[in-house]
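J.: Provided herewith is a single structure, encoded as structure tokens, for subsequent inquiry.
The values are calculated or read from the model by the stated rules, or taken from the named source; none is laboratory data. Keep in mind that this is a model prediction, so the values were computed, not measured. Cβ sites come from the backbone with ideal geometry, for glycine too, and all protein chains shown count toward neighbours. Note: areas computed on protein heavy atoms with side chains; ligands, DNA, RNA excluded. Shrake-Rupley method; radii C 1.70, N 1.55, O 1.52, S 1.80 Å.
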Amino acid sequence: MTRLDFFMRLREGLHRLPPEEIENAVRYYVEYFDEAGPENEQRVLEELGDPMKIAQQITAEYMVRAIEPYRPAPDEQGPEAAGPQPPRKSGLSAVWIAILAVFASPIALPVAIAIAAVAFALVVVVACVFLSFFGVSVGMMAGGVFGMVVGILCLSAHVPTGVCAIGSGMVVSGVGLLLFLPTVWLTRATFSGIARLISRRVVRRDAA
Amino acid sequence: MTMTFGLSAALLDACVLAVLSRGDTYGYVLTQNVRDAVDISDSTLYPVLRRLQKDGYLTTYDQPYQGRNRRYYSITPSGREQYRAYVADWGVYKARLDEIILGGKQYDEA
């Protein structure tokens, strides 16, 4: 590997960071090479090792710092020491620029509306499916209970009918209950999954 | 020198702050100094320095040298405070390790 390769790979590895951070890092290693002198270039390359690994470490440190809450001011505050503000700022403006771009474009607007409509329709469909499951299970439970009540009332008139009604009523409400619990779980899981997906995409934008 | 025992991130921070507490210096010299004491062959100092800077423990300034630039690192008052804390922690850590590795209790002089 040459010094040039090293810096190319380093910049590549650092691409997720804001330009200021990339320049800071590159500058450090440029200085390092310069300090060692051109005659030691090979030795330094060996010493530093894989530029991708270095880039990974630098990126990881930066991401951690970006998500952590802002710490109270220490004595010296350089322009970079403002904690999570810089990345959040760039993430937010990127989102607003994207929205602005969509609304500014005459062709993109109908497309955006269509996409939003489809997304909305999907949500409605999913909600309806869950609603129908609820309906069926609750209906069965209610119907089963009703059947049991009728059965008890029939007992005075005709015992076998009454017993049959009570029995089948219990079966129906049992099945309804069996349907009800997984439906609740499935609905909750789906919606929390969607929420997590949305929040993850928002966080990634902020951190990038 | 082979290093059987790995180096924790906190120890590396402590070393950097220790070197800087004795005077400002630039990246290359700082690395050589730290390298004298510990084996940092599979990591480099830049992420550490960046983190310490973001934590407010050190600042940087540039000084031209022979037509190029040198970025100097300087410890801050809160950095000195942190260094003192590390020194105290290190004393305890060292004592505890001695106890277990060397075996038996070490009796201090009264």
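J.: Arranged from highest to lowest average of other beta-carbon atoms within 10 Å per residue, in what order do the peptides A:51-59, B:13-21 appear? Numbers along the way, then the final one.
T.: Values: A:51-59: 18.6, B:13-21: 20.4.
Result, highest mean first: B:13-21, A:51-59.
J.: With θ taken as phi - 60° and the coefficients 6.51, -1.76 and 1.60, list the Karplus ³J(HN,Hα) couplings across the stretch A:166-172 in order, rounded to whole Hz; mark glycine and proline as x.
T.: 4, x, 5, x, 5, 4, 4
J.: Okay, next question. Could you work out the relative contact order of chain B? I mean the mean sequence separation of Cα pairs under 8 Å and 6+ apart, divided by the number of residues, in percent. Write down the numbers at each step before the final one.
T.: Numbers: 88 pairs, mean separation 29.9, N = 110.
Relative contact order, chain B: 27 percent.
J.: Could you check how many percent of all C-alpha pairs in the stretch A:96-208 are farther apart than 22 Å?
T.: Numbers: 3818 of 6328 pairs.
Every Cα pair in the stretch A:96-208 considered, those over 22 Å come to 60 percent.
J.: If you don't mind, another one. Quote to one decimal, in nm, the extra length available between A:SER199 and A:GLU46 on full extension: 0.36 nm per residue of separation minus the C-alpha distance between them.
T.: Working: separation 153, 0.36 × 153 = 55.08 nm, distance 4.18 nm.
The span from A:SER199 to A:GLU46 would gain 50.9 nm if fully extended.
J.: Another one. Using R₀ = 30 Å, calculate the FRET efficiency as 1/(1 + (r/R₀)^6) where r is the Cβ-Cβ separation of B:ILE101 and B:SER21; round to 0.05. Before the final figure, lay out the partial values.
T.: Working: r = 28 Å, r/R0 = 0.94.
It comes to 0.60.
J.: Let me confirm one metric for peptide A:29-38, namely the mean number of other chain beta-carbon atoms within 10 Å of its residues' beta-carbons. Display every interim value, and only then the final one.
T.: Numbers: counts 3, 2, 9, 7, 1, 6, 9, 2, 0, 0.
Mean partner shielding for this stretch: 4.
J.: If amide hydrogens are placed 1.01 Å from N in the peptide plane, which non-local residues have theirs closer than 5 Å to the one on B:LEU58?
T.: When sequence neighbours closer than 5 places are left aside, the close amide H contacts are B:GLN53, B:THR76.
J.: Roughly how much accessible area, to the nearest 100 Å², goes out of reach of solvent when A and B pair up, both sides summed, probe 1.4 Å?
T.: The buried area between A and B, both sides summed, comes to about 2600 Å².
J.: Let me ask another. What order do A:GLU39, A:GLU61 take when sorted by accessible area (1.4 Å probe), most exposed first? Let's see the in-between values first.
T.: Details: A:GLU39 140, A:GLU61 55 Å².
Of A:GLU39, A:GLU61, the descending order of accessible area is A:GLU39, A:GLU61.
J.: A further question on this structure: Amide H neighbours of B:ARG70 under 5 Å, counting only residues 5+ apart in sequence or on other chains, H built in-plane at 1.01 Å?
T.: B:GLN63, B:TYR65
J.: If ligands, DNA and RNA are left out, what is the accessible area of A:LEU131 with a 1.4 Å probe, given in Å² to the nearest 10?
T.: A:LEU131 has an accessible surface of roughly 120 Å² with all protein chains in place.
J.: At 222 nm, what helix-only mean residue ellipticity would chain B give, in deg cm²/dmol to the nearest 500, using -39500 (n - 2.57) for each DSSP H run of four or more?
T.: Values: 4 runs with 60 residues, N = 110.
Rounded to the nearest 500, the figure is -18000 deg cm²/dmol.
J.: Each label point is 7 Å from the Cα along the Cα-to-Cβ direction; what then is the distance between the points at B:GLN32 and A:CYS164, in nm?
T.: 10.1
J.: Roughly to the nearest percent, how much of the accessible area of the stretch A:125-199 is carbon and sulfur, given a 1.4 Å probe? Walk me through the numbers before you get to the answer.
T.: On the way: 4210 of 4850 Å².
The computed percentage sits at 87.
J.: State in Å² the accessible area per residue of the stretch A:125-199; use a 1.4 Å probe, count heavy atoms of protein chains only, and round to the nearest integer. Each step should come with its number before you reach the end.
T.: Working: 4850 Å² over 75 residues.
The answer is 65 Å² per residue.
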